[in-house]
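Here's the structure, in structure tokens; my notes come after.
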Amino acid sequence: MKIDLKNPLIFFDLETTGMNIASDRIVEISYLKIYPDQREEVKTFRVNPTIPIQPDATAVHGISDNDVKDAPMFNEIAKTLVKSFEGCDFAGYNSNKFDLPLLAEEFLRANIDFDLKKRKFIDVMVIFYKREQRTLSAAYQFYCNKELTNAHSAEADTRATYEVLQAQLDMYPDLQNDVDKLSEYSAQSRSVDFMGRIVYNDKDEEVFNFGKYKGRTVVSVLEKDPSYYSWMMNGDFPLYTKNVLTAIKLKNFIKK
């Protein structure tokens, strides 16, 4: 089933130096851009991460330090990506928990003002887990009856993710062919930041979603324990999470 689109939809996948959102970097980004008229555009960029690639990461995606030593750094391709991504919604496999937060971090490090939170996100993995509880390779086999060759290549994973979403729309008649609805269905929480460290409660208040203050509103915690702000700002949290926390703090300060 073709995906009903109002805006272009970017299917993308990242290969990285490791799995830490706050400290790791992109070494390859590939995207498949689907236009509302179903035209397709595919691009892949190798990226010099400026830090060593962890051996266990190379073991997965096959990209070594030597492979990217002459590639452009992310800040050299960031404006090109923003131009291609402007006005688009996004889709990926496990993208809500990893790829989108890491991409947001890279844009922040490059001093590029591109607010991904304004876009819709579809996480095909969440749809799959809610329906079948499998992995991307198994999803590709289950939905498309194909074997995923060259798995963990960003472009191969991107293409497979696109095909899986199309097949999911064919298989589940109650799964609405609408980017807004798919984004809502594949969201695991109403997160304020990408990592879900801060989420909205049923009163649309920002609350912490981890640690000793889990379930408490950010404002009440900062009023009771101001040092918690400093602890988070100095901790190993993503830049986007820190920016969200600062915005809430400033908003509350202005109100007073």
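Scanning the stretch 1-11 for residues that are closer than 24 Å to Leu102 by Cβ and of a type in the set (Val, Ile, Thr) turns up just one, Ile10.
Condition check: aliphatic (A, V, I, L, M), outside the structural domain of Tyr240 (by TED's automatic domain parsing) and farther than 21 Å from Ala110 by Cβ. Does Ala59 satisfy that? Yes; evaluated as a whole, the condition is true for this residue.
Among the residues that make up the stretch 4-11, is at least one of them in contact with a Phe, Trp or Tyr (Cβ under 6 Å, 6 or more places away or on another chain), part of a strand (DSSP E or B) and either in the same structural domain as Gly235 (by TED's automatic domain parsing) or surrounded by 14 or more Cβ atoms within 10 Å (Cβ to Cβ) (or both)? Looking for residues that are in contact with a Phe, Trp or Tyr (Cβ under 6 Å, 6 or more places away or on another chain), part of a strand (DSSP E or B) and either in the same structural domain as Gly235 (by TED's automatic domain parsing) or surrounded by 14 or more Cβ atoms within 10 Å (Cβ to Cβ) (or both), one finds at least one in the stretch 4-11, hence yes. On the stretch given as the stretch 49-95, residues that are in contact (Cβ under 8 Å) with a residue 60 or more places away in the chain and either part of a loop (DSSP other than H, G, I, E, B) or touching a Cys at 6+ places or on another chain (Cβ under 6 Å) (or both) total 4. Within the stretch 12-37, the set of residues being assigned to a strand (DSSP E or B) and closer than 12 Å to Leu100 by Cα comprises Phe12, Asp13, Leu14, Ile26, Ile29. Summed over the stretch 135-150, the residues that are under 19 Å from the mean Cα position of the chain (by Cα) and not in a helix (DSSP H, G or I) give a count of 1. Candidates are the residues of the stretch 117-160 that are polar (S, T, N, Q) and within 25 Å of Asp67 (Cα to Cα); the one that is surrounded by the most Cβ atoms within 10 Å (Cβ to Cβ) is Thr158. Screening the stretch 116-130 for residues that are of a type in the set (D, E, K, R) and not in a helix (DSSP H, G or I) and picking the one that is modelled with the lowest pLDDT gives Arg119. The lone criterion from (1) part of a helix (DSSP H, G or I); (2) at pLDDT 95 or above; (3) crowded, with 17+ Cβ neighbours inside 10 Å left unmet by Val207 is number (1). Checked against the criterion of being in the same structural domain as Asn145 (by TED's automatic domain parsing) and surrounded by 12 or more Cβ atoms within 10 Å (Cβ to Cβ), the candidates Lys249, Lys181 yield just one match: Lys181.
The values are calculated or read from the model by the stated rules, or taken from the named source; none is laboratory data. Since the model is a prediction, treat every value here as computed from it, not as a measurement. Here Cβ is always computed from backbone atoms with ideal geometry, including for glycine, and neighbour counts include all displayed protein chains.
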